[in-house]
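Colleague: Here it is, the structure, as structure tokens.
The values are calculated or read from the model by the stated rules, or taken from the named source; none is laboratory data. Small disclaimer: the values here were computed from a predicted structure and weren't measured. So basically every Cβ, Gly included, is an ideal-geometry build from the backbone, and we count neighbours across all protein chains shown. Note: areas computed on protein heavy atoms with side chains; ligands, DNA, RNA excluded. Shrake-Rupley method; radii C 1.70, N 1.55, O 1.52, S 1.80 Å.
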Amino acid sequence: MTGLALRSLRRRASAFTATFLAVFLGAALLMSFGAMLDVAGDATGTARNTLLTVGLVVGGWGLLLVAFAVTSTQSLAVRQRAEEIALLRSAGATPGQVARMIIAECLLVAVAGGVLAIVPGWALGHGVLALMHDGAMVPETVGYAFGPCALGVGLGVTFASALTGGVFAARRAVRGTTVASGDEAGGLGRGRIIAAAVLLAAASGEAVTTATVMRGKGLDAMATSGQADIVAALALALLAPALVGGAARALAGPLRALGAVGDLVLAGLARRSRRLAAVVLPIILFTGIGIGTLHLQATENAASAGRAASADDRSVEVLNLVVIGMIILFAAIMLVNTLVAAVADRRREFGQQRLAGAAPGQVLAAVAVESAVLAALGIAAGTVASAFTSVPFAVARTGSALPAGGPLIFVGVAALAVVLTGGTAWLAARRALRAPAVAAVA
Amino acid sequence: MSGREHTGRGEAPREALRLENVGKVHGTDGNRVRALAGVSLRLAAGTFTAVMGPSGSGKSTLLQCAAGLDRPTEGRVFLAGAELAGRSEAALTRFRRERVGFVFQRFNLLPTLTVLQNVLLPAKLAGRRANRAAAADILARVGLGDRLHHLPAELSGGQQQRVAIARALVTAPDVVFADEPTGALDLRSARDVLALLSEAVRVHGRTVVMVTHDPVAASYADRVVFLADGALAGSLDAPTAEAVAERMTRLAAAVERGAAA
Ligand SMILES: Nc1ncnc2c1ncn2[C@@H]1O[C@H](COP(=O)(O)OP(=O)(O)O)[C@@H](O)[C@H]1O
Ligand SMILES: [Mg+2]
């Protein structure tokens with residue numbers, strides 16, 4: 001089966017690019033912060049605490065994000081190959097063989113991505129430590145170390161996510177029918193609902209703690225509020241299939257008014273809600289974390305505006321922005337990554353639409369409308385998630401529920417999300433339309 | 001549409017399709033395959049034509065060039081009197097959705113749309129008000145009146161192909177092209193599909209061009225046109241399955257001799 005997995009990987013390289021990128025970037029990100037735990041081995045006192053905090057906190061968020069990205073791109077890749085898997089099964093492959101093949105593919109991709117991430121992860125960790133040296137959070141005498149923690153966290157998390165994702169994807173792939181069905185909507189699984197509820201409870205807990213216990217405790221409020229938006233965004237991302245289904249019901253009227261293009265979008269939203277949810281997921285993470293953290297920092301800046309900022313404040317700000325920048329960059333790349341994979345896979349569907357009489361412009365229009373709906377949905381959910389961080393922190397720091405920074409933060413992040421989503425989908429769709437319609441459905 | 005024009009004595013039959021010296025080379029430099037060479041063909045409206053030939057003889061290429069799905073590299077194609085050349089992709093699409101219907105071996109129904117939505121789609125894409133009654137009527141005619149709200153995946157192959165035929169016929173096209181429409185079907189479903197295609201011609205006056213490799217399927221047509229190595233290799237009027245099979249055997253042998261020489 002490993003042989004089969006290898007061959008299938010080589011032929012279907014494009015389907016695995018998204019997973020590979022998620023693993024590669026995720027492992028590099030995790031290794032760079034995992035390295036802070038290695039560095040902490042040589043440090044003492046506050047420097048040691050700071051290093052451990054940065055390593056553990058960022059590692060913790062990163063872990064969730066990376067696990068999510070890897071699992072979601074993997075299930076997308078397997079879903080795209082439903083037809084191929086059905087063929088394999090009708091050719092006599094047992095469910096066990098197919099499952100082993102899928103898991104082997106996932107692990108091969110994870111090993112390749114993880115190993116290649118070691119050098120960039122090492123360099124990135126160097127950069128993070130340099131920032132902490134500059135901010136005098138860690139004395140220059142504490143040198144860089146990249147050892148078991150970095151490798152263990154980086155490789156361990158990505159491999160474990162790949163394995164878990166592979167097992168889930170394999171289970172789904174071999175369960176039930178052997179033919180891809182037109183209706184992939186389906187409700188949320190119980191596991192998904194429970195996980196979302198637990199995450200939402202955790203985010204709410206952090207929000208309440210920030211707004212009450214940490215009230216007036218200054219900068220420390222950041223520790224409890226910083227990741228609430230991430231946790232809330234993950235919870236909403238888990239519910240994304242239901243959100244897409246809800247959008248389909250809510251928008252049925254206006255979409256139908258758009259004629260055939262609207263019909264196509266509506267049918268996709270209603271019957272491909274799981275596949276489209278994979279696109280909404282990174283939009284929620286991107287906007288949730290982006291808006292939440294920028295408001296948090298703006299509130300902090302406003303709260304400490306009266307007094308001269310200390311070196312400590314500045315380095316916290318820089319570190320905060322670097323960490324968040326990396327996580328947002330990761331989410332943005334995942335967004336582009338997932339969209340490219342999702343759209344490229346629809347070559348056949350676009351070909352079928354064209355054979356039914358859709359002009360290329362109409363296919364593109366349907367993609368544009370669909371992207372707009374998905375972006376709006378992701379931004380709405382992301383904004384809700386961001387409030388779990390920004391509002392309690394504003395309460396704790398300034399006593400007002402309104403975070404500083406004004407509407408510009410929302411507008412900027414939302415615009416970026418729209419441009420990334422729309423631009424990527426548009427370009428990917430144009431590419432997918434280049435082949436003649438008959439060739440695309442062959 | 002007024003439907004068929006019965007060809008009275010002395011009156012020239014209305015022409016549905018004309019190919020003039022059509023040639024097609026696939027691929028670019030380095031990797032060229034000549035799929036068609038000097039094909040000239042004229043089909044009257046209201047006729048049922050089968051195209052046969054060994055695998056790789058250019059049947060699909062011929063159909064796609066004739067239907068405006070592919071552009072020939074030489075020659076001219078006229079569909080119901082209008083020339084296809086020199087149109088943009090969007091213009092070709094508009095032309096196709098008004099004048100042409102397709103049926104493919106693999107159905108190519110949209111998987112997220114119901115049976116009825118699939119049949120309504122071409123008209124809606126053309127910006128016309130969808131005539132639900134006409135769509136439901138034609139679906140009833142192909143025996144799927146009780147499946148309007150099913151998804152294609154919930155139907156058998158034969159039923160899906162009947163939906164595809166309903167979709168191809170609902171816009172009252174000048175020509176319906178079918179590329180091995182029975183290739184993926186069991187014997188019974190294949191017969192239903194062939195009966196529907198010939199009913200479209202005999203009763204409703206449509207023009208049908210069908211690629212097939214099955215002599216029995218070809219015997220439903222008024223005329224069989226043979227293709228070998230991208231060129232026409234004769235035709236047979238009022239074909240019987242036996243005559244077609246015999247001709248195909250000779251053709252395959254000739255192609256083999258040609259390849260060996
Ligand atoms: N898109 C293409 N690119 C290159 N060669 C092609 C393409 N389509 C068809 N061909 C070649 O053109 C020839 C005729 O193909 P086709 O029309 O599909 O034959 P048939 O339908 O009779 O089996 C074959 O040699 C085939 O390999
Ligand atoms: Mg063919």
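Colleague: Pick out which of B:Val203, B:Val211, B:Val103 has the largest mean-square fluctuation in a Gaussian network model of chain B, springs linking Cα atoms closer than 10 Å.
Modeller: The residue that fluctuates most here is B:Val203.
Colleague: Roughly how many Å² is the accessible area per residue of the protein assembly as shown, as a whole number, for a 1.4 Å probe?
Modeller: 41 Å²
Colleague: Residues with beta-carbon under 9 Å from that of B:Thr61, excluding B:Thr61: net charge, scoring Lys, Arg +1 and Asp, Glu -1?
Modeller: Taking every Cβ under 9 Å from that of B:Thr61, the sum is +1.
Colleague: What angle do you read, to the nearest 10 degrees and between 0 and 90, between the alpha-carbon axis of helix B:132-141 and the longest principal axis of chain B?
Modeller: Tilt of helix B:132-141: around 60 degrees.
Colleague: Note the buried accessible area between A and B here, summed over both chains, with a 1.4 Å probe, in Å² to the nearest 100.
Modeller: Buried area (both sides, nearest 100 Å²): 2200 Å².
Colleague: Roughly speaking, to the nearest percent, how much of the protein assembly as shown's 1.4 Å accessible area is carbon and sulfur?
Modeller: 61 percent
Colleague: Report the residue, chosen from B:Val22, B:Val115, B:Val33, that carries the largest GNM mean-square fluctuation when chain B is represented by alpha-carbon nodes joined by springs under 10 Å.
Modeller: Result: B:Val33 has the largest fluctuation of those listed.
Colleague: Which FRET efficiency value, to the nearest 0.05, is calculated for A:Val119 and A:Leu329 with the Förster distance at 22 angstrom and r the Cβ-Cβ distance?
Modeller: 0.75
Colleague: Suppose every Lys and Arg Cβ carries +1 and every Asp and Glu Cβ carries -1, with no other charges. What dipole size does the range A:186-442 come out with about its Cα centre, to the nearest 20 debye?
Modeller: 980 debye
Colleague: Same structure again: Could you check what % of the DSSP bridge pairs in the protein assembly as shown are antiparallel, to the nearest 5?
Modeller: Among the beta bridges of the protein assembly as shown, antiparallel pairing accounts for roughly 55 percent.
Colleague: Now a separate question. So what's the protein assembly as shown giving for Cα Rg divided by 2.2 N^0.38 Å, two decimals?
Modeller: Taking the Cα Rg and dividing by 2.2 N^0.38 Å, one obtains 1.16.
Colleague: Ok, one more. Which of B:Arg129, B:Arg106, B:Arg202 moves the most in a Gaussian network model of chain B with Cα springs under 10 Å?
Modeller: B:Arg129
Colleague: From the helices alone, meaning DSSP H stretches of at least four residues, give me the mean residue ellipticity at 222 nm for chain B, per-run term -39500 (n - 2.57), in deg cm²/dmol to the nearest 500.
Modeller: -11000 deg cm²/dmol, from helical runs alone.
Colleague: Grab the eigenvalues of the alpha-carbon gyration tensor for the range B:119-197, scale each by 5, take roots, and send me the semi-axes largest first in whole angstrom.
Modeller: Values for the range B:119-197, descending: 21, 15, 11 Å.
Colleague: Find, to one decimal place in angstroms, the Kirkwood hydrodynamic radius of chain B, where the mean of 1/r is taken over every pair of different Cα atoms and then inverted.
Modeller: Radius from the Kirkwood sum: 19.0 Å.
Colleague: Sequence neighbours fewer than 8 away in the same chain don't count; with that in mind, list the lysines whose C-alpha is under 25 Å from B:Lys59.
Modeller: Answer for B:Lys59, where 25 Å is the Cα cut-off: B:Lys24, listed by chain and number.
Colleague: Can you tell me the mean projection area, over all orientations, of the convex hull of the range A:315-442's alpha carbons? Units nm², please.
Modeller: Averaged projected hull area, Cα only: 9.0 nm².
Colleague: Please list the radius of gyration and Dmax for the range A:37-143, considering alpha-carbon atoms only, with Å as the unit.
Modeller: 20.9, 64
Colleague: Now, a different point. At a 1.4 Å probe, which residues in the range A:266-291 are at least 10 Å² less accessible with all protein chains present than in their chain isolated?
Modeller: A:Ala267, A:Arg271, A:Arg272
Colleague: With angles folded into 0 to 90 degrees, how steeply does helix B:157-169 sit against the dominant principal axis of chain B? Use alpha carbons for both and round to 10.
Modeller: 90 degrees
Colleague: I'd like to verify something in chain A: which complete DSSP H helices, judged by Cα projection on the helix axis, reach 30 Å or more and average at least 1.6 on the Kyte-Doolittle scale?
Modeller: Helix filter hits for chain A: A:13-40, A:311-344.
Colleague: Can you list the equivalent-ellipsoid semi-axes of the range A:186-442, largest first and in whole Å, using the square root of 5 times each Cα gyration tensor eigenvalue?
Modeller: 40, 19, 14
Colleague: Next question, about the same structure. Taking the Cα atoms of the range A:1-181, report the difference between the largest and smallest coordinate on each principal axis, in whole Å and largest first.
Modeller: 64, 25, 20
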